[in-house]
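Input: a single structure, listed below in structure tokens.
The values are calculated or read from the model by the stated rules, or taken from the named source; none is laboratory data. The structure presented is a predicted model; accordingly, all values stated were derived computationally and were not measured. Cβ sites come from the backbone with ideal geometry, for glycine too, and all protein chains shown count toward neighbours.
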Amino acid sequence: MDSFRIAGGVPLHGEVRISGAKNSALPALAACLLTDESVILHRIPSVRDIATMQSLLEYTGAAISTCSDNALRVDASRLDRPEAPYDVVKTMRASSLVLGPLVARTGRARVSMPGGCAIGARPINLHVAALEQLGATIEQSHGYVEAIAPHGLQGGHVHFDRITVTGTEDVLMAAVLAKGETVIRNAAREPEVKDLADLLVKMGAKIEGAGTSIIRIQGVERLHGARHAIIPDRIETGTFALAAAMTHGELTIADCFPEHIAALVFKMEQAGADIEQLDSHTLRVRCARRPKSIDMATEEYPGFATDLQAQYMAWMSTAQGISFITETIFENRFMHVLELARLGANIRTEGRQAIVAGENELTGAQVIASDLRASASLVLAALVARGETIIDRVYHMDRGYERIEEKLAGVGAKIERIQ
Ligand code: EPU
């Protein structure tokens with residue numbers, strides 16, 4: 001199992017380029033199952049979750065080839081096995097994204113139910129209820145969800161009890177091939193949902209309102225091939241913005257959509273970072289001094305992303321004063337707290353709130369990554385900690401950050417992968 005060895009204390013300087021968004025690329029790949037024509041997706045990040053999704057599509061019968069750097073061609077003309085087996089789903093919960101497309105295209109889908117996960121229970125009950133609204137008959141047994149719609153799906157009204165990103169994406173993909181109109185209310189407004197809708201429209205779908213909380217879909221009989229470039233990864237963008245500020249360096253962050261991290265930028269500026277938008281795709285981030293403690297609560301988009309909570313907490317653990325960080329999306333997303341404490345952070349949790357007392361200095365230690373974004377927070381803390389930090393289980397990081405150690409080393413970080 002790989003680890004990172006990081007020598008802290010080097011301010012980061014230079015330019016980094018942001019990769020395509022993992023959480024946009026995953027539903028985009030699932031959407032390829034909706035047509036028997038080829039879809040070409042550009043800017044697919046080379047990360048482990050994407051490789052897992054590729055294996056899953058291949059399992060169903062789709063053929064995938066690489067066209068050029070970071071571009072994939074998916075041909076799902078043959079779908080003889082509309083299934084997502086446990087072995088795949090257990091390593092990547094986003095596998096449930098194939099439920100909607102498979103039942104819409106083939107009239108049946110059998111997808112393993114995800115089990116528990118490091119950051120919360122993460123059930124898929126809302127996906128299931130929404131697909132039932134579109135006329136799918138759903139049974140759950142032996143750890144699998146089986147959806148059947150032998151005569152195709154029917155448009156319907158879906159009102160999500162709570163906002164779900166992949167739930168919205170799942171039902172959106174199902175609705176594009178359903179007969180008649182579907183209206184999704186309390187839909188997720190995340191940029192990844194909008195990006196998926198943009199791809200589906202290129203494939204011939206009729207969708208209005210994606211990116212708002214009410215999405216209207218007019219079902220069409222079939223979709224066709226298309227070409228689409230995935231949006232930049234806003235979580236990677238935010239992670240590098242925090243890395244620049246935390247190390248008291250200066251980074252130019254290119255190929256990003258600054259608007260997508262507006263909530264983070266607002267907090268960072270309040271805390272004392274200097275952030276400039278150089279053009280519509282480039283940010284410059286610097287922070288010469290220790291930040292002020294600024295409270296934060298995660299929220300659905302356009303609120304502060306839960307996927308940046310751990311990284312923000314790492315920064316706040318070096319701030320002047322005390323901050324309250326509240327996690328409202330997942331019930332157990334504080335696994336990084338104890339590991340950050342090993343690096344000298346002073347954090348106490350009470351239920352869904354973490355109380356972070358900023359420390360003058362963090363110190364290197366051996367720590368374990370527990371999930372994807374927790375690993376990123378440990379990397380950030382290690383970049384400023386005095387001495388050496390070893391982070392074990394970086395396979396979590398490899399699930400979602402493309403060439404992270406190369407990118408960090410390229411702007412001056414002393415980081416190496418050890419086996
Ligand atoms: N929820 C339910 N029932 C459902 C679905 C969700 O109770 O059927 C609950 C969840 O347990 C959670 C909340 O609703 O408490 C929101 O979960 P959501 O469904 O929005 O999360 P997700 O779609 O499973 C995506 C991202 C996550 C990100 C969340 C929140 C992908 C592939 N994953 O997950 O990304 O944290 O939205 O923004 O898009 C990550 O990249 O590290 C990551 C975990």
| Looking only at helices (runs of 4 or more DSSP H) that fall completely inside segment 52-162, which ones have 3 or more residues that are under 21 Å from ILE217 (Cα atoms) and not hydrophobic (A, V, I, L, M, F, W, C)? | 99-106, 125-133
| task | Six or more apart or on different chains, Cβ under 8 Å: which pairs go from a residue in segment 307-319 that's in contact (Cβ under 8 Å) with a residue 60 or more places away in the chain to one that's hydroxyl-bearing (Ser, Thr, Tyr)? Could you list them? | result | LEU308/THR239; GLN309/THR298; ALA310/SER377; GLN311/THR239; GLN311/SER377; MET313/SER377; ALA314/SER377
| message | It is to be established whether one or more residues within segment 1-17 are within 21 Å of HIS228 (Cβ to Cβ) and either without any contact (Cβ under 8 Å) to a residue 40 or more places away in the chain or out of contact with any Leu (no Cβ under 8 Å at 6 or more places or on another chain) (or both). | response | yes
| Is it true that some residue in segment 142-149 is within 20 Å of VAL89 (Cβ to Cβ), surrounded by 22 or more Cβ atoms within 10 Å (Cβ to Cβ) and either near the ligand (Cβ under 10 Å from one of its atoms) or under 23 Å from the mean Cα position of the chain (by Cα) (or both)? | no
| query | Which of the following residues is closer than 18 Å to GLU190 by Cβ and either in contact (Cβ under 8 Å) with a residue 40 or more places away in the chain or polar (S, T, N, Q) (or both): ALA271, ALA297, ALA262, ALA254? | reply | ALA262
| query | Across segment 98-127, what is the number of residues that are more than 7 Å from the ligand (Cβ to nearest atom) and touching a helix residue (DSSP H, G or I) at 6+ places or on another chain (Cβ under 9 Å)? | reply | 19
| field | Condition check for GLY152: in contact (Cβ under 8 Å) with a residue 12 or more places away in the chain, surrounded by fewer than 22 Cβ atoms within 10 Å (Cβ to Cβ), farther than 22 Å from GLU331 by Cβ and small (Gly, Ala, Ser) | value | yes
| field | Filter result for the condition that a residue is closer than 28 Å to VAL165 by Cα and surrounded by fewer than 15 Cβ atoms within 10 Å (Cβ to Cβ), over THR349, THR326 | value | THR349
| Can you spot a residue in segment 54-64 that is more than 15 Å from the ligand (Cβ to nearest atom), without any contact (Cβ under 8 Å) to a residue 12 or more places away in the chain, under 30 Å from ALA409 (Cβ atoms) and among the β-branched types (Val, Ile, Thr)? | no
| Residue list for segment 40-71, restricted to those being surrounded by fewer than 20 Cβ atoms within 10 Å (Cβ to Cβ), over 21 Å from PRO232 (Cβ atoms) and among the hydroxyl-bearing types (Ser, Thr, Tyr) | THR52, SER55, TYR59, SER65
| task | Kindly indicate which of ILE390, ILE368, ILE415 is among the β-branched types (Val, Ile, Thr) and either within 17 Å of ALA310 (Cα to Cα) or within 14 Å of the ligand (Cβ to nearest atom) (or both). | result | ILE368
| message | Please pick out the residue among GLY225, GLY249 that is more than 19 Å from the chain's Cα centre (by Cα), within 23 Å of PRO11 (Cα to Cα), surrounded by fewer than 24 Cβ atoms within 10 Å (Cβ to Cβ) and modelled with pLDDT of 95 or more. | response | GLY249
| message | Quick test of your reading of the structure: SER24 fulfils all but one of (1) surrounded by 23 or more Cβ atoms within 10 Å (Cβ to Cβ); (2) more than 16 Å from the ligand (Cβ to nearest atom); (3) not hydrophobic (A, V, I, L, M, F, W, C). Name the failing condition by number. | response | (2)
| request: Select from segment 94-144 the residues that are touching a residue at least 60 places away in the same chain (Cβ under 8 Å) and among the charged types (D, E, K, R) and write down the one among them that is nearest to MET173 (Cα to Cα). | output: ARG105
| field | Residue that is surrounded by the most Cβ atoms within 10 Å (Cβ to Cβ) [pool: residues in segment 299-321 that are of a type outside the set (Ser, Thr, Tyr), within 16 Å of the ligand (Cβ to nearest atom) and not in a helix (DSSP H, G or I)] | value | PHE304
| request: Looking only at segment 325-337, decide whether some residue is among the aliphatic types (A, V, I, L, M) and within 26 Å of ILE6 (Cα to Cα). | output: yes
